[in-house]
Amino acid sequence: MNRPSHERRERIRRQTDLRSRSDDIRVGPVTPIREILREHGVDPGPVLERAGLAERLLEDPDNRVGFDVIARLAHEAALASDCPHFGLAFGQRFSPATMGRVFQLAKHSPSLGSALHALVLHLHVHDRGGVAYLVQTGPGEVGVAYGIYHRGDHDVAPIYDAATAIMYALLRELCGPRWRPLRITLPRRRPALVAPYRRFFGVPVVFDAEHASVVFAERWLDAPIRGADPAVRAAVEQRIRNQEAAWALSFSDKVRRALRSMILTGRASAEQVSFVFAMSRRTLHRQLSAEGTGLHLLANEIRFEVARQLLTESDMPAGEIAAVLHYADASAFSRAFRTWSGSSPREWRQSVRRTPAGAATGA
């Protein structure tokens, strides 16, 4: 097999490193970060400054900032507080109401299943740096998962810790105190201290996993949501549609978001994408071509993105990463990865591997 030219490798890197201008998030959920830092004896001002976040933006929960800014903030806060599980601590302070309209839409849905469907479809109203999706994890069980849509130059482990704690809190809010997860999964290497995770979630926590997810009994999807008001839901849904129309996201950006969850759940195909967008395959390809891209290119961008995250942030073997991305075997994945990056998965991991915050021993 011929190695790709230097120019081609650089073009692939530039394509996969592009950051969408729509890649941002509401600051509402991150406002407690100043209080948490002070509790650790840290002045939040310098931490916010290093992350590139103006403190005044935290005064209005509807202000939006780049996703990478929030990711850097989580990373800087973990370093400054000397708290490796700062993302988890931050997620514990989460109030579902800070998700704004997305939470209102979920809260006034008739059942948990319809609420999670609304979350999957409309998370970008709150957070355009990640995607939510449902994954069938086994007989009679399902997981609500979160995937980072864009990967910047930051440690994603605190973001996945926080996102999983947020999903846990959201499910408890919607289902009530009787709800309990079966397990938590995180696509990051096992930290030195796992006790904080066990204490908070109260169930087994699996590291080096395929998804950042909260897994629970599938029967809960039919559970009604108390206090749901159809009139409120309809009004919120209309406001969300108006907001989405005003953004006018590119079609290729919408397809990227859909592909992120489809690839991880093994449903990525032209037929499935066409079905989601209610159009023919010909129309799908024509619209993407008009924006200078194609479905195969977008899918490979997402696969490369996910592969890099798992190689960098977890200890998952390349063979398991190949299975996550639904390649036939590790060799097929390695060939594809070499085409994207110019190096093998092993070589990539060795070149970017960070020294873990602690040994992978239990707590």
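The values are calculated or read from the model by the stated rules, or taken from the named source; none is laboratory data. The structure displayed is predicted, hence computed values, not measured ones. Don't worry about glycine lacking a Cβ; one is built from the backbone with ideal geometry, like all the others, and counts go over all protein chains shown.
Data for the structure
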read-out	value
Sole exception among (1) buried (at least 20 other Cβ atoms within 10 Å of the Cβ); (2) assigned to a helix (DSSP H, G or I) for residue 234, by number	(1)
Selected residue (only one of 203, 214 is modelled with pLDDT of 90 or more and not in a loop (DSSP other than H, G, I, E, B))	214
The lone exception for residue 178 - which of (1) buried (at least 24 other Cβ atoms within 10 Å of the Cβ); (2) more than 13 Å from the chain's Cα centre (by Cα); (3) modelled with pLDDT of 85 or more it fails	(1)
Matching residues in segment 181-200 - criterion: being part of a helix (DSSP H, G or I) and surrounded by 21 or more Cβ atoms within 10 Å (Cβ to Cβ)	197
Complete set of residues in segment 50-79 that are without any contact (Cβ under 8 Å) to a residue 40 or more places away in the chain, in a helix (DSSP H, G or I) and either crowded, with 18+ Cβ neighbours inside 10 Å or outside the structural domain of residue 201 (by TED's automatic domain parsing) (or both)	51, 58, 69, 76
Which numbered condition residue 41 misses (of (1) among the small types (Gly, Ala, Ser); (2) part of a helix (DSSP H, G or I); (3) farther than 21 Å from residue 253 by Cβ)	(2)
Scan of segment 344-363 for residues that are in contact with a Phe, Trp or Tyr (Cβ under 8 Å, 6 or more places away or on another chain) and modelled with pLDDT of 90 or more, ordered by number	344, 345
Hits in segment 110-143 (condition: among the small types (Gly, Ala, Ser) and within 11 Å of the chain's Cα centre (by Cα))	129, 130, 132
Qualifying residue in segment 80-93 (condition: loosely packed, with under 13 Cβ neighbours inside 10 Å and at pLDDT 85 or above)	yes
